[in-house]
Amino acid sequence: MRVTFFGLLLCVSSFSSSAQVEEWNVIESHGKCVELSAMSEKATEFINAKSPNDLVNNYIASGYAAQMVDLRLIILADYPNMTKEEIGTLPPSGKSYLIEVDGQYIWMLIDKPYCKLILR
């Protein structure tokens, strides 16, 4: 699963963020960016979730062991020989997360502008 997301993330070009309200998307397995609000049909934990932290807290409230892990840190740890150019294609820390529930990564959340760049 990590290799697939790594391949997607290498497609991201440089992006400068501006001060804005973050809008989070989920990247589904078939490569589609879906807004968090639209995901409530797939899992009730998405109801009222506006951020990765909200989603994790909803899973915890439902009795699951859940955490979010910064995707950039996972990729940098798994691929220590990345070039500066490759590292530059990754979203900055805090802009993409893997959501781990009961020991398995089940969702990838990414700040909306980066999702659009990855899947263009």
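The values are calculated or read from the model by the stated rules, or taken from the named source; none is laboratory data. The model shown is predicted, which means the values in this text are computed figures rather than measured ones. Here Cβ is always computed from backbone atoms with ideal geometry, including for glycine, and neighbour counts include all displayed protein chains. Heads up: the accessible areas ignore ligands, DNA and RNA and are worked out on the full protein's heavy atoms, side chains in. Shrake-Rupley method; radii C 1.70, N 1.55, O 1.52, S 1.80 Å.
Yes/no per residue for (1) of a type in the set (A, V, I, L, M, F, W, C); (2) at pLDDT below 95; (3) touching an Asp or Glu at 6+ places or on another chain (Cβ under 9 Å); (4) not in a loop (DSSP other than H, G, I, E, B):
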site	(1), (2), (3), (4)
GLN20	no, yes, no, no
LYS50	no, yes, yes, no
GLY63	no, no, no, no
VAL69	yes, no, yes, yes
ALA77	yes, no, no, yes
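Do you know which of the residues in segment 101-120 that are surrounded by 13 or more Cβ atoms within 10 Å (Cβ to Cβ) and basic (Lys, Arg) is farthest from VAL56 (Cα to Cα)? Give the steps one after another, and end with the answer.
Residues of segment 101-120 that are surrounded by 13 or more Cβ atoms within 10 Å (Cβ to Cβ), as a first pass: 101, 105-119.
Now drop any that are not basic (Lys, Arg), which leaves 112, 116.
Numbers: LYS112: 18, LYS116: 23 Å.
Within segment 101-120, the match that is farthest from VAL56 (Cα to Cα) is LYS116.
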List pairs: first residue in segment 34-59 and farther than 23 Å from ILE118 by Cα, second residue open to solvent by 30 Å² or more (accessible area, probe 1.4 Å) and of a type outside the set (Ser, Thr, Tyr) anywhere in the structure, Cβ distance under 6 angstrom, at least six positions apart or on different chains.
SER40/ILE47; GLU45/ASN58; VAL56/MET68
Using beta carbons and a limit of 7 Å, which pairs, at least six apart or on different chains, have the first residue in segment 70-92 and small (Gly, Ala, Ser) and the second one open to solvent by 60 Å² or more (accessible area, probe 1.4 Å) and in a loop (DSSP other than H, G, I, E, B)?
GLY88/SER14
Candidates LEU76, LEU71, LEU98, LEU90, filtered to the one that is farther than 13 Å from VAL26 by Cβ and crowded, with 16+ Cβ neighbours inside 10 Å
LEU90
